[in-house]
1. Starting from the exponent 0.38 and prefactor 2.2 Å, build the expected Rg for the range 24-91 from its residue count and divide its actual Cα Rg by it.
2. Give the range of the longest stretch in the chain that excludes all GluC sites (Glu not before Pro) found in loop regions by DSSP and having at most 16 other beta-carbon atoms within 10 Å.
3. List the residues, sorted by chain then number, that are 5 or more residues from Gly122 or on another chain and whose placed amide H is less than 5 Å from its amide H.
4. Please give the Cα centre distance for the range 23-51 versus the range 88-110, rounded to the nearest Å.
5. Project the alpha carbons of the range 2-146 onto their principal axes and report the range along each, largest first, in whole Å.
6. Just to confirm the filter: which trypsin sites (Lys or Arg not before Pro) across the range 1-79 are DSSP coil and have at most 16 other Cβ within 10 angstrom of their Cβ?
7. Distance cut-off 26 Å, Cα to Cα: go down the list Lys32/Lys112; Lys2/Lys112; Lys2/Lys93 and report the pairs above it.
8. Please list 3J(HN,Hα) in residue order for the range 21-29, calculated via the Karplus relation 6.51 cos²θ - 1.76 cosθ + 1.60 where θ = phi - 60°; whole Hz, with x for glycine and proline.
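Read-outs: derived from the displayed coordinates by stated rules, not from any lab. Please read these numbers as outputs of a predicted model, since none were measured by experiment. With ideal geometry, Cβ positions are generated from the backbone for all residues, glycine too; neighbour counts draw on all protein chains shown.
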Amino acid sequence: AKITILNGPNLNLLGVREPGHYGNKTLADIQKSTETLATQSGHSLNFYQNNAEHEIVELIHQAFAEQVDFIIINPAAFTHTSVAIRDALLATKIPFIEVHLSNVHARESFRKHSYFSDIAEGVICGLGATGYELALQAAHQILLERK
Ligand code: DQA
């Protein structure tokens, strides 16, 4: 199947950015491990990061045009603000899992609210880079069950 991983703002700085919250792995490390896992499971993976809200909306439209089967998204700060990205996911009806490296429930209270969790297949947070791999495993399972 076709799977797209989308990463929101500041995630290009992983590895140097607040390692206490986000760990030491870089986004390139996460891209590498998820690409390996996707290939092993017979999926094709597109991996993106963008700092701009409208670009993430466009990437979701692109995924729809390319008939992507599943999205894994870490919307980063847009988690707590973006009706536009939520609406893009609702409009395209592409099933998705929401991932956060940090445990958003153990931080500032504004991080507890997500514009995505109620429409996601599932949410993973607090497990660092492993969360992306777990999301990919779950996506694989969901796609098998829906075939
Ligand atoms: C994040 C959590 C968000 O609250 C924050 O704005 C981020 C990263 C995470 O992966 O833990 O940029 O999505």
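1. 1.18
2. Working: sites that count: Glu66, Glu108, Glu121.
The longest such stretch corresponds to 1-65.
3. Glu98
4. Between the Cα centre of the range 23-51 and that of the range 88-110, the gap is 18 Å.
5. Reported extents, whole Å, longest axis first: 36, 32, 25.
6. On the way: sites: Lys2, Arg17, Lys25, Lys32; in loops: Arg17, Lys25.
Passing both the DSSP loop test and the Cβ count: Arg17.
7. Details: Lys32/Lys112 29 Å; Lys2/Lys112 30 Å; Lys2/Lys93 15 Å.
Table pairs above 26 Å Cα-Cα are Lys32/Lys112; Lys2/Lys112.
8. 3J(HN,Hα) across the range 21-29, in whole Hz: 8, 10, x, 9, 6, 8, 5, 5, 4.
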